[in-house]
Amino acid sequence: MRSTSSLLHKLKTDYPDIFFIPGDTFLWDPDLKTVFYVNDGPQSKALLLHEVSHGLLQHREYKRDIELLAMEAAAWDKAKELAELYHFPINDAVAEDHLDTYRDWLHSRSSCVNCSATGYQSGKETYTCPACNAEWRVNEARICELRRYKVKTQ
Ligand SMILES: [Zn+2]
Ligand SMILES: [Zn+2]
């Protein structure tokens, strides 16, 4: 099944500055200006437009994890715009599922390791707890690279 091929063809024509490379996951690489995509997943078209949207919005660095979540939401809004342009609908549930993976990720990073209150991000890779003053480190996560979105098969 090559469900993305005609859309891909249009995207390559419309956005000649973006490279498209088939892979085993969806991601936008800002340094390579490349969208990596999976050809035949159930939500391939939606995810393809999502990664293209990261590119069009020139997403790269973020200082706070919450900014990453905002970027993800912005990329889905843009993807929905593009979907209308290319005449196919994006199911809202796909966008919400995707954003949920980031919300869960943010929640687990910001939960205090000591008392499970919600901490605030005090540095690029550190959080501090307002309740017990504990400080903890989190792993670096880069946009759409480490937060890989697994294509669900229903
Ligand atoms: Zn994304
Ligand atoms: Zn705490």
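Only the coordinates and a few stated rules stand behind these numbers; no lab work does. All of these numbers come straight from a predicted model, not from anything done at the bench. Methodologically, a virtual Cβ is constructed for each residue, glycine included, from the backbone with ideal geometry; neighbour enumeration extends over all protein chains shown.
So, in the stretch 105-132, exactly how many residues are aliphatic (A, V, I, L, M) and more than 9 Å from ligand 2 (Cβ to nearest atom)?
Filtering the stretch 105-132 for residues aliphatic (A, V, I, L, M) gives 106, 113, 117, 131.
After this cut, where a residue has to be more than 9 Å from ligand 2 (Cβ to nearest atom) as well, the list is 106.
Within the stretch 105-132, residues that are aliphatic (A, V, I, L, M) and more than 9 Å from ligand 2 (Cβ to nearest atom) number 1.
Residues L49, L32, L82: which one is assigned to a loop (DSSP other than H, G, I, E, B), free of Cβ contacts under 8 Å to residues at least 60 places away in the same chain and at negative phi? Break it down into steps so the answer makes sense when it comes.
Working: L49 fails: assigned to a loop (DSSP other than H, G, I, E, B); L82 fails: assigned to a loop (DSSP other than H, G, I, E, B).
After applying the criteria, what remains is L32.
Mind listing whichever residues of the stretch 44-61 are among the polar types (S, T, N, Q) and crowded, with 17+ Cβ neighbours inside 10 Å?
Going residue by residue through the stretch 44-61, those that are among the polar types (S, T, N, Q) are 44, 53, 58.
Within the stretch 44-61, S44, S53 meet the criteria.
Starting from the stretch 113-138, take each residue that is closer than 18 Å to E67 by Cα and list its partners that are within 16 Å of ligand 1 (Cβ to nearest atom), counting only C-beta distances under 7 angstrom and pairs at least six apart or across chains.
Q121/D65
Among the listed residues K12, K63, which satisfies the condition of being of a type in the set (K, R) and assigned to a loop (DSSP other than H, G, I, E, B)?
Numbers: K12 fails: assigned to a loop (DSSP other than H, G, I, E, B).
Being of a type in the set (K, R) and assigned to a loop (DSSP other than H, G, I, E, B) holds for just one of K12, K63, which is K63.
Filter the stretch 33-43 for residues that are touching a Phe, Trp or Tyr at 6+ places or on another chain (Cβ under 7 Å) and of a type outside the set (S, T, N, Q); which is surrounded by the fewest Cβ atoms within 10 Å (Cβ to Cβ)? Spell out how you get there, then give the answer.
Filtering the stretch 33-43 for residues touching a Phe, Trp or Tyr at 6+ places or on another chain (Cβ under 7 Å) gives 33-38.
Narrowing the set further to residues that are of a type outside the set (S, T, N, Q) leaves 33, 35-38.
On the way: K33: 13, V35: 27, F36: 19, Y37: 24, V38: 17.
Ranking the qualifying residues of the stretch 33-43, first place goes to K33.
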